[in-house]
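Enquirer: This is the structure I want to talk about, given as structure tokens.
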Amino acid sequence: MKGQTQYHTLVRLNPDGSLDSTFMNFSGPIDTNNFYVVTFPIAPTDDGGYLVGGTFNSYQGYPKPSIAKIDSSGAVEPQYFTSGGPDSSIILGANYPLVEFIYKSKFGGYYVGGDFLKWDGQPSQPLIRLTDLVIGLDENGRPIESKSEVSVYPNPAQNQITIQSNVLLVKAQVFNLQGQLVTTGRANSFSIEGLKSGIYFIKAILKNGEVVSKKLIKQ
């Protein structure tokens with residue numbers, strides 16, 4: 001309706017019911033085929049982020065098959081769920097799978113269920129267990145453990161920021177609270193002088209394939 005703010009199916013509220021402006025409320029999951037978008041389950045992760053399920057195929061511009069991992073600020077972490085994921089729905093049609101619940105298991109990992117017949121291209125019951133959230137495997141098929149340490153300084157900042165990391169930085173993307181990309185840095189230090197004062201989120205894309213999100217306050 002005219003005069004109302006439109007959100008993409010996922011917002012976060014403060015304890016008093018007001019909108020949490022530090023969360024990326026304007027940039028949730030969408031369906032690029034113009035199908036309806038529903039967000040069903042949200043499960044917290046040990047790092048302060050969330051697993052989000054529903055019926056969608058894109059999250060903040062990244063292809064995501066009805067399930068995505070976001071950090072505590074609401075920024076998608078694109079290194080998760082890069083394979084086929086759920087597929088072949090009975091109810092909604094072959095191209096529209098649905099993730100209806102995500103429960104953390106006391107044995108580790110997560111139970112994921114919904115309306116799908118395949119997972120990663122393989123026939124599956126509509127209930128699977130994710131044994132872990134793994135960003136990759138080494139040459140012997142073992143999970144790669146995160147060894148990245150990333151910091152941003154000064155923070156708050158006025159004109160220039162530096163990203164310090166123990167892993168080589170490929171590039172850094174800066175997003176506003178609406179999930180829009182506002183600038184990109186391809187060196188560890190770069191200018192933010194042209195940005196308005198406010199809260200931003202930095203995605204540090206590292207040489208080892210990890211994407212680390214940090215909050216930035218621009219004075």
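Enquirer: Could you list, in their original order, any pairs among Lys64/Lys203; Lys69/Lys215; Lys106/Lys215; Lys64/Lys207 whose Cα atoms are separated by more than 28 Å?
Expert: Lys106/Lys215
Enquirer: Just grab the label-to-label distance for Leu127 and Arg12, each label 7 Å out from Cα along the Cβ direction, in nm (one decimal).
Expert: Rounded to a tenth, the inter-label distance reads 3.1 nm.
Enquirer: What's the FRET efficiency of Ser21 with Ser83 using the Cβ-Cβ distance as r and R₀ = 25 Å, to the nearest 0.05? Please report the intermediate quantities before stating the final value.
Expert: Numbers: r = 34 Å, r/R0 = 1.36.
Efficiency computed from Cβ-Cβ geometry: 0.15.
Enquirer: Given the Cα-Cα distance of Arg186 and Asn166 and 0.36 nm per residue of separation, how much length would full extension add, in nm?
Expert: Numbers: separation 20, 0.36 × 20 = 7.20 nm, distance 1.60 nm.
Result: 5.6 nm gained on full extension.
Enquirer: Could you run the Karplus curve 6.51 cos²θ - 1.76 cosθ + 1.60 with θ = phi - 60° over the range 192-208 and give me ³J(HN,Hα) per residue in whole Hz, x for Gly and Pro?
Expert: 10, 4, x, 7, 6, 5, x, 9, 9, 10, 9, 9, 8, 9, 9, 4, 7
Coordinate-derived values only; no laboratory data. Please read these numbers as outputs of a predicted model, since none were measured by experiment. Note: ideal-geometry Cβ built from the backbone for every residue, glycine included; neighbour counts use all protein chains shown.
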